[in-house]
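Values in this text are rule-based calculations from the coordinates and carry no lab data. Keep in mind that this is a model prediction, so the values were computed, not measured. Note that we place each Cβ from the backbone using ideal geometry, even for glycine, and neighbour counts take in every protein chain shown.
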Amino acid sequence: MTDGAAFLGVESSLTNARWEAAPTIRADADLDRMAGAISDRHPDMPLPVTRLLAGRDTGGLEIDSYLDPKIRDLLPDPSIFKDMDKGAARLADAVEAGTPVGVFGDYDVDGAAAAGLLVNVLGALGLAVDVHIPDRMREGYGPNETALAALQERGAGLIVTVDCGIAAHGPLEKVAQTGMDVIVVDHHLAGPELPRAHSVINPNRLDEDGAYGHLCAAGVVFILLVALLRELRRRGVFEDGRQAPDLMRQLDLVGLATICDVVPLRGINRAFVGQGLKMLARRGNIGLACLADVSGLNTPPSGHTFGFMLGPRINAGGRIGSSDLGVRLLSTHSGDEALGLAAALDELNIRRREIEQEIRAHAMDMAAEQDDRPVVLVGHPDWHEGVIGIVAGRLREVLGKPACVVSLGADGAGKGSGRSIPGFRLGSAVIAASQAGVIAGGGGHDMAAGFSLDQGQMGGFHDFLCDRFTRDIGAEPPRQVRAVSGLLSTAGVLPELADWMERLGPFGSGNPEPRFALPDCRISYAKPVGKDGAHISCRLDDGSGGTLNAIAFQAGGTPLGEALVAGRGGAPLHILGRIRRDHFRGGRAMQVEIEDAAPRTG
């Protein structure tokens, strides 16, 4: 709860944002009482952490359980999902009969991880698994008749779609007409009509209660595999000494997908990521281990490792390379193959960044001409379809409004990707536009969506999105707000605090990493570092008993970076950032990653 007052009086910071106290579930006196109760039970817990815990929804868990979430405590009974038992029984039939399985996945990290889970677990149960990941440019998203027929021709006796299929009515109807069963495992928003399939497992079906609508596809596949092993045990398959696969060893794939698909980190998702990071640290999956090595990982793995080091490299295969590289990496047992695949994905990621930077500059210029529109929609024939989603995300970050980017073909047919802001359900808007005939098709989540349209539909679609935004939110995008979790002094940024903060993670969508304000800091040292001075390294001193190292990434040439450099020896600044162990300096060294700053008011 918050009274809406600007934190430290910062109405407009150096990044043109308003600072506000992070929302809490308890107000002043109640929060103090709860923080005191937590401190009584955990006397070694730093005060900032007790206050953070007192102010957040722990999902009904005791503090100890919240700080160390366990899969066994949070995993739902698979039977609560529609068609889950039916799908598990059909997979169990395949295991008992030795039926080859065809898997149709998606070309992003979630799709690769979901497919990799099936390859690893069904393979361990003795099944041949044939995976098809569509080429983003030639085939587009979702099951297509040609690829499904090819899986059948290569010997598949059962097909499973993962991270796709909920909207593939035509292609799945064709498969059903051949008499072959299909199990759809998806998490995208479903329409009123389900595709014709043996089982449709999706927590976002309209006849589900939505309690687990925050699962990614790999999370749904994991629960299906739990149901499968339960069914196989019921049938006595493991009574002759046959070993059941250890699903816990697959949690690095589930954690990776959960972070990279930007689903909310609450409940079971938080446990998936936390346990997945532990598995990653054990280097059990040889493909992820090699990818971590080529990524230069030299610190304990965190959500950042999944989201910004491993994920983009796996995605690069589907964006500008071979779409199956990711699932091959995640399911290989060969060290040599893993090394080769990891190196190839690293090279593709370098090229992807170069392409993205070129398109982003062009898209920003076009977006500047739409200042009066609450939603940005830009497109061009020269833009690579594989990176438009990333560019849309960058536009959203810079402009603070929903952004859609379209790659147009020579024939005028376009493929688009969009990223939204809280409060505007982009996936629902895209589905509504498709149903209204404004675009050819599309779907997605609240915060991200994909769509197809003709060039002549661009204007109408832009108007549709802007009208819907105005109806749902208002004429103007909400002002950018930075949530502040509390105050710290430079002397109070200690390793013990960082260690306890880590236990509040993993951080990501739905569980943002706390930001702290350090008021009245003087800049005793500052200089640009990195390639072309992209970052600003500095040292902070608030007079509390010691200086603190800090860094502002990607701040070079921005008002924030210029103010930090110019502030050496000058007037104090309020600093906003996240606390970190400084692994480069080792030991007990600490630093702040600066996200924002503001001059002292009054």
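Mind listing the phi-derived Karplus ³J(HN,Hα) values for segment 250-258, rounded to whole Hz, using 6.51, -1.76 and 1.60 with θ = phi - 60°, and x for any glycine or proline?
Once rounded to whole Hz, the list reads 9, 5, 5, 5, 5, x, 4, 5, 4.
Need the full-extension length gain, Gln243 to Ala150, defined as separation in residues times 0.36 nm minus the C-alpha distance. One decimal, nm. Working shown, then result.
Details: separation 93, 0.36 × 93 = 33.48 nm, distance 3.24 nm.
The Gln243-Ala150 span can extend by a further 30.2 nm.
Using the number of other C-beta atoms within 10 angstrom as an exposure proxy, rank Leu487, Leu225, Leu74 with the fewest first. Please report the intermediate quantities before stating the final value.
On the way: Leu487 14, Leu225 22, Leu74 17.
By the 10 Å Cβ count, ascending, the order reads Leu487, Leu74, Leu225.
Could you order peptides 345-356, 550-561 by the average number of other Cβ atoms within 10 Å of their residues, highest first?
Numbers: 345-356: 17.6, 550-561: 19.6.
Top of the packing list down: 550-561, 345-356.
Once you place label points 7 Å from the Cα toward the Cβ at Ile63 and Glu593, how far apart are they in nm?
In this crude spin-label approximation the distance works out to 2.7 nm.
Assign unit charges at the C-beta atoms only (+1 for Lys and Arg, -1 for Asp and Glu), then state the dipole size of the chain relative to its Cα centre in Debye, rounded to the nearest 20. Mind dumping the intermediate values first?
Numbers: 59 positive and 76 negative charges, 221 e Å.
Computed charge dipole of the chain: roughly 1060 debye.
Give the long-range amide H neighbours of Phe104: residues separated by 5 or more places, or on another chain, with amide H under 5 Å away, using H modelled in the peptide plane at 1.01 Å from N.
Those lying under 5 Å, H to H, from Phe104 are His132, Val160, Thr161, Val162.
Can you list which of the GluC sites (Glu not before Pro) found in segment 128-221 are DSSP loop residues with at most 10 other C-beta atoms within 10 Å?
Of the GluC sites (Glu not before Pro), the ones in loops of segment 128-221 whose Cβ has at most 10 other Cβ atoms within 10 Å are Glu193.
Can you put Arg313, Arg479 in order of Cβ neighbours within 10 angstrom, beginning with the fewest?
Numbers: Arg313 26, Arg479 11.
Exposure proxy ranking, most exposed first: Arg479, Arg313.
Taking θ as phi - 60°, what are the ³J(HN,Hα) couplings along segment 445-450 by the Karplus curve (6.51, -1.76, 1.60), each to the nearest whole Hz, with x for Gly and Pro?
So the Karplus estimates, Gly and Pro as x, are 10, 4, 9, 8, 8, x Hz.
Can you list the aspartates and glutamates whose alpha carbon sits under 14 Å from that of Lys70, skipping same-chain ones fewer than 8 residues off?
Partners found: Glu62.
Aspartates and glutamates within cross-link reach of Lys415: Cα-Cα under 13 Å, excluding same-chain residues under 8 positions apart?
Glu139, Asp382, Glu385, Asp454
Note down the relative contact order for the chain as a percent, whole number, built from C-alpha pairs under 8 angstrom at least six residues apart.
Values: 1209 pairs, mean separation 72.1, N = 602.
Relative contact order for the chain comes out at 12 percent.
Given a cut-off of 32 Å, name the pairs among Lys401/Lys531; Lys82/Lys401; Lys82/Lys174; Lys174/Lys401 whose C-alpha atoms lie farther apart than that in the structure shown. Please report the intermediate quantities before stating the final value.
Working: Lys401/Lys531 29 Å; Lys82/Lys401 36 Å; Lys82/Lys174 23 Å; Lys174/Lys401 40 Å.
Long pairs (Cα-Cα over 32 Å): Lys82/Lys401; Lys174/Lys401.
Summing -39500 (n - 2.57) over the DSSP H runs of n ≥ 4 in the chain and dividing by its residue number, what mean residue ellipticity at 222 nm do you reach, to the nearest 500 deg cm²/dmol?
After summing the helix terms and dividing by residue count, I get -12000 deg cm²/dmol.
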